[in-house]
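The values are calculated or read from the model by the stated rules, or taken from the named source; none is laboratory data. Since the structure is predicted, the reported quantities are computational estimates derived from the model, not experimental observations. Backbone-built Cβ (ideal geometry, glycine too); neighbour counts: all protein chains shown.
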Amino acid sequence: MPPTKISSIKVDGNQITIINQLLLPHVTEYVEINSIEDAFDAIRSMKIRGAPAIASLAALSVVQHLDRTRRADPQPQFLTSIALFKSHIEETLAHLYESRPTAVNLGAATRRLMQVLNEGVAAEKSISDIVQDLMVEGIAIAGEDVGRNKAMAQWGGDWLVDLVTKKNGAPSEGLNVLTVCNTGSLATSGYGTALGLITYLHDTGKLGKAYFTQTAPYHQGSRLTAYELQTLKIPSVMICDPMVGSLFQHHPIHAVAVGADRIAKNGDTANKIGTYNAAVIAARHKIPFIVVAPISTVDLDISDGSKIPIEHRPPIEACLVRGILYPNGDKVEHAQVMITPEGLEGIYNPSFDVTPAELIAAIVTEKGVAVKADGAMEFDLSSVV
Ligand SMILES: CSC[C@@H](O)[C@@H](O)C(=O)COP(=O)(O)O
């Protein structure tokens with residue numbers, strides 16, 4: 001049976017533990033994070049994934065690092081001078097930021113810590129006071145995620161119910177919402193973004209069914225979203241990625257709700273590969289396409305989606321599927337199975353795609369819902385950031 005509450009990260013004192021998302025849903029393995037390098041590896045290898053969750057882990061690993069080093073005997077050299085301390089923290093933050101390039105929340109988290117560092121140095125604070133300030137900020141970054149997720153779920157959920165009701169009257173069977181990838185508790189510090197909106201609709205009696213794509217090649221949908229929806233007892237239907245068009249042709253779908261890894265100033269949105277396909281087909285069927293993401297996902301320094309860096313994952317990841325060997329009696333044995341001929345060359349494996357603002361009906365953050373002005377192709381996001 002799945003557990004009743006899923007958390008991607010647990011913190012006990014200065015011990016950080018994450019769920020290894022590469023092995024879910026069949027094997028629940030907890031991995032200890034004991035250093036900056038452990039956090040970097042967990043993010044890069046996707047043991048932890050989802051834009052807000054990786055930002056939280058990066059921030060917490062800095063807190064842990066500072067807490068452990070300030071207690072160390074003898075003290076590391078970087079704690080002996082403000083110049084050494086500053087360059088050590090700068091290098092640490094820059095290194096963590098390198099772990100995955102598309103999710104901007106990681107950059108927002110490292111920038112916040114950098115600002116605390118710079119302000120402390122400018123105010124000529126002691127190293128131990130700056131350490132304390134950085135630890136408070138790091139804990140705040142991870143801690144504020146759940147509250148803002150609940151806020152955006154409510155903004156987006158109420159907006160959608162209103163939109164659909166004005167158009168068609170209240171649907172007697174509730175709203176059917178399609179999502180892509182995994183944007184729930186595993187991808188955040190709790191509750192989720194697009195999956196949070198779906199959870200909110202369910203909890204308020206407004207959801208018909210949640211539909212989700214398998215989300216190849218990493219299968220965040222079939223492995224992680226399926227597991228979360230099962231745990232939450234939310235009625236749901238999985239579809240394979242190429243079935244989005246067929247679903248829209250044959251079933252009443254009221255919205256597509258997705259998360260985001262980076263939203264450019266004009267509203268162009270990078271999210272898990274396959275999101276753009278769903279948006280194009282949703283437009284064909286006049287189904288509202290909604291992006292739900294915290295303010296830290298909005299990158300006002302990037303004017304449009306063409307400038308968003310897109311991570312390409314190692315080609316081998318597109319040649320493998322993960323799961324348990326089946327049927328295998330009672331023994332749960334996790335395996336990766338190759339689905340391509342050995343030595344296949346020419347594999348295209350971008351992890352994200354960009355959905356143009358033109359195809360997006362609304363962008364929801366913890367501050368509210370942004371829609372485009374009549375006839376506009378781009379968003380003015382100033383009211384929601
Ligand atoms: C709340 S999570 C939003 C996005 O990070 C999510 O949709 C996504 O694309 C995750 O990609 P992943 O490669 O699994 O980290």
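Report yes if some residue within the stretch 177-187 is out of contact with any Ser or Thr (no Cβ under 9 Å at 6 or more places or on another chain), at pLDDT 95 or above and either surrounded by 16 or more Cβ atoms within 10 Å (Cβ to Cβ) or of a type outside the set (Asp, Glu) (or both); otherwise report no.
Within the stretch 177-187 (the criterion being out of contact with any Ser or Thr (no Cβ under 9 Å at 6 or more places or on another chain), at pLDDT 95 or above and either surrounded by 16 or more Cβ atoms within 10 Å (Cβ to Cβ) or of a type outside the set (Asp, Glu) (or both)), the answer is yes, since at least one residue qualifies.
Step by step: first the residues of the stretch 1-20, then only those that are farther than 18 Å from Val146 by Cβ and in the same structural domain as Glu91 (by TED's automatic domain parsing), then the one that is modelled with the lowest pLDDT. Which residue is that?
Asn14
Residues of the stretch 177-212 being basic (Lys, Arg) and in contact with a helix residue (DSSP H, G or I) (Cβ under 6 Å, 6 or more places away or on another chain), which ones?
Within the stretch 177-212, just Lys206 meets the criteria.
Given the conditions (1) among the β-branched types (Val, Ile, Thr); (2) under 15 Å from Ala270 (Cα atoms); (3) exposed (fewer than 15 other Cβ atoms within 10 Å of the Cβ), which single one is not true for Ile339?
With (1) among the β-branched types (Val, Ile, Thr); (2) under 15 Å from Ala270 (Cα atoms); (3) exposed (fewer than 15 other Cβ atoms within 10 Å of the Cβ) applied to Ile339, the lone miss is (2).
Quick one: would you say Ser172 is of a type in the set (Ser, Thr, Tyr), on the phi < 0 side of the Ramachandran plot and within 11 Å of the ligand (Cβ to nearest atom)?
Values: of a type in the set (Ser, Thr, Tyr): yes; on the phi < 0 side of the Ramachandran plot: yes; within 11 Å of the ligand (Cβ to nearest atom): no.
When the stated conditions are applied, Ser172 does not pass them.
So which residues in the stretch 175-207 are within 11 Å of the ligand (Cβ to nearest atom), over 11 Å from the mean Cα position of the chain (by Cα), over 18 Å from Lys10 (Cα atoms) and among the hydroxyl-bearing types (Ser, Thr, Tyr)?
Thr179, the sole residue that qualifies.
Every residue, every condition in (1) among the aliphatic types (A, V, I, L, M); (2) modelled with pLDDT of 95 or more; (3) more than 12 Å from the ligand (Cβ to nearest atom), yes or no:
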| residue | (1), (2), (3) |
| --- | --- |
| Ile263 | yes, yes, no |
| Ala283 | yes, yes, yes |
| Ile290 | yes, yes, yes |
| Ser303 | no, yes, yes |
| Arg313 | no, yes, no |
| Ala318 | yes, yes, yes |
| Gly323 | no, no, yes |
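Tell me, yes or no, whether the stretch 145-159 has at least one residue that is over 28 Å from Leu22 (Cβ atoms), away from the ligand (no atom under 16 Å from the Cβ) and assigned to a loop (DSSP other than H, G, I, E, B).
No, because not a single residue in the stretch 145-159 is over 28 Å from Leu22 (Cβ atoms), away from the ligand (no atom under 16 Å from the Cβ) and assigned to a loop (DSSP other than H, G, I, E, B).
Residue under question is Tyr218, and the condition is that it be buried (at least 22 other Cβ atoms within 10 Å of the Cβ), within 16 Å of the ligand (Cβ to nearest atom), farther than 22 Å from Leu24 by Cβ and not charged (D, E, K, R); does it hold? Please lay out each step first, then the result.
On the way: buried (at least 22 other Cβ atoms within 10 Å of the Cβ): yes; within 16 Å of the ligand (Cβ to nearest atom): yes; farther than 22 Å from Leu24 by Cβ: no; not charged (D, E, K, R): yes.
Against the criterion (buried (at least 22 other Cβ atoms within 10 Å of the Cβ), within 16 Å of the ligand (Cβ to nearest atom), farther than 22 Å from Leu24 by Cβ and not charged (D, E, K, R)), Tyr218 does not qualify.
List the residue pairs whose Cβ atoms are under 8 Å apart, where the first residue sits in the stretch 184-203 and is assigned by TED's automatic domain parsing to the domain that holds Asn20, the second is within 9 Å of the ligand (Cβ to nearest atom) and at pLDDT below 95, and the two are 6 or more positions apart or on different chains.
none
Exactly one condition in (1) closer than 22 Å to Ala283 by Cβ; (2) in contact (Cβ under 8 Å) with a residue 24 or more places away in the chain is not met by Val371; state its number.
(2)
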